[in-house]
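What follows draws every value from the coordinates through simple rules; no lab data is involved. On a predicted model such as this, the values are computed, not experimentally measured, just so you know. Neighbour counts run over all protein chains shown; Cβ positions are idealised from the backbone, glycine included.
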């Protein structure tokens, strides 16, 4: 009597989640604890492609720092307040380009001091993302009077209001943009891996994956700014809720569509509709403005000629640790090898005793959790999130997984780093608003030369 091979048993969904998600969350907590505490003191603003800075220094007529002077910055729907430090300097971070009115509270000026030009309070400055502008408020004899040398006291000119956004020198700029591109590429890879794994196991292009990224960021915002939780617990809960949403989606929608033999084209149309529903639901409940998970200004870190914010640096480290964990899961665990088997040939994997539906459910859950983690870190990198953040970077995620090779996790990583580097480096030669266009042109060129992507396998069609 012929014996049949015993079926391959795969660990339960909860067991897998404990082994993969918990390890990444513990690493996140270990790295973030003490680095981004709730209510941390604000540090100097660091301009990046996602934010601009307004800064200045206030000194007394004798040249001493004016400490504790209150300022209010209003514009583009934002109202920010700050005070001068012990050296008389102040800075704020803004999340949108536009005109901002900077007002000094005269009641907080040092005793005996007045503004040299009271009519220039408030002072309006124009700020662009990625740049720093200075708003100067000289103290001393009011305009129209005379200074110590008997001459009229001039007001600051527009040229005095300029401040460099990056260290001087082309080499410093190239290094700065390269580091920004590497960090952005790692965060993009974190959000794209789930999209690639899902395509590999089901053949479905999920246009609602961007909304999973947005969900993680918005849930972190709700936890920190509405509920009042510290950043770390809020981020962990957002990731777990994002993973749970992937499980619910597959159980409630995609499993039934697969069982009814609905084709991938029809399922893709459903994902487009789901994406629109989720996007406008986010806008309805949270509005169309920018939502900041952390209110404090990013703390700058100087690494040679490069300046990066502390939270961007930590986000990049977390992304590297998580991606290493995903690679270990896919190559060194039984469930990971089963996932790769389903991706290679679902019918053969099923004949070998692998529970294909269980693996697909697992991929939906894991992919949604990774997308939520990516959403939290990308929102910290950009200093804010919004209802359409995921939709904005969805095209970049598709470009990354297509460039690297559809259905391969390592291809998603390679493609994301290339897209991130090209997007940030291209802003050196083209306007920053068009920096994503260069990345998409690279995608078109590579696909013309190598249609299967960098790490993809050529397949015969027809």
Review point. What is the gain in length, in nm to one decimal, between residue 260 and residue 79 on full extension, counting 0.36 nm per residue of separation less the C-alpha to C-alpha distance?
Key: 59.9 nm
Check your understanding: How far, in nm, would the chain grow between residue 67 and residue 301 when pulled straight, counting 0.36 nm per residue and subtracting the alpha carbon separation?
Key -> 81.8 nm
Study note, to complete from the structure: At the level of C-alpha centres, the distance separating segment 82-111 and segment 169-232, in angstrom, is 32
Exercise for review: Starting from the Cα gyration tensor of segment 237-387, take the square roots of the eigenvalues, sort them a ≥ b ≥ c, and report rounded, prolate or oblate (rounded when a/c is under 1.5, otherwise prolate if a/b is larger than b/c, else oblate).
Suggested key: oblate
Check your understanding: Among 382, 184, which comes first, second and so on when ranked by fewest other beta-carbon atoms within 10 Å?
Key -> 382, 184
Exercise for review: Give me 424, 211 ranked fewest to most by other Cβ atoms within 10 Å of their Cβ, as a rough exposure proxy.
Suggested key: 424, 211
Revision key, fill the gap. Quick calc: nm separation of the 7 Å Cα→Cβ label points for residue 248 and residue 172 -> 4.9
Revision key, fill the gap. Taking alpha-carbon centroids only, segment 424-453 lies from segment 275-290 a number of Å equal to 29
Practice item. Please give, to one decimal in nm, the separation of the simple spin-label points placed at residue 280 and residue 87, each 7 Å out from Cα toward the Cβ. Key: 5.1
Review point. What list do you get for 364, 387 if you sort them by fewest beta carbons within 10 Å?
Key: 387, 364
Practice item. Assuming a ≥ b ≥ c are the square roots of the Cα gyration tensor eigenvalues, decide whether segment 227-288 counts as rounded (a/c under 1.5), prolate (otherwise, with a/b larger than b/c) or oblate. Key: oblate
Check your understanding: Which of rounded, prolate, oblate describes segment 194-324, given a ≥ b ≥ c as roots of the alpha-carbon gyration tensor eigenvalues and a/c under 1.5 marking rounded, otherwise prolate only if a/b is larger than b/c?
Key -> prolate
**Study point:** With 5 Å bins from 0: P(r) over segment 358-402, alpha-carbon pairs, percent
**Key:** 5, 19, 22, 26, 17, 8, 3, 0
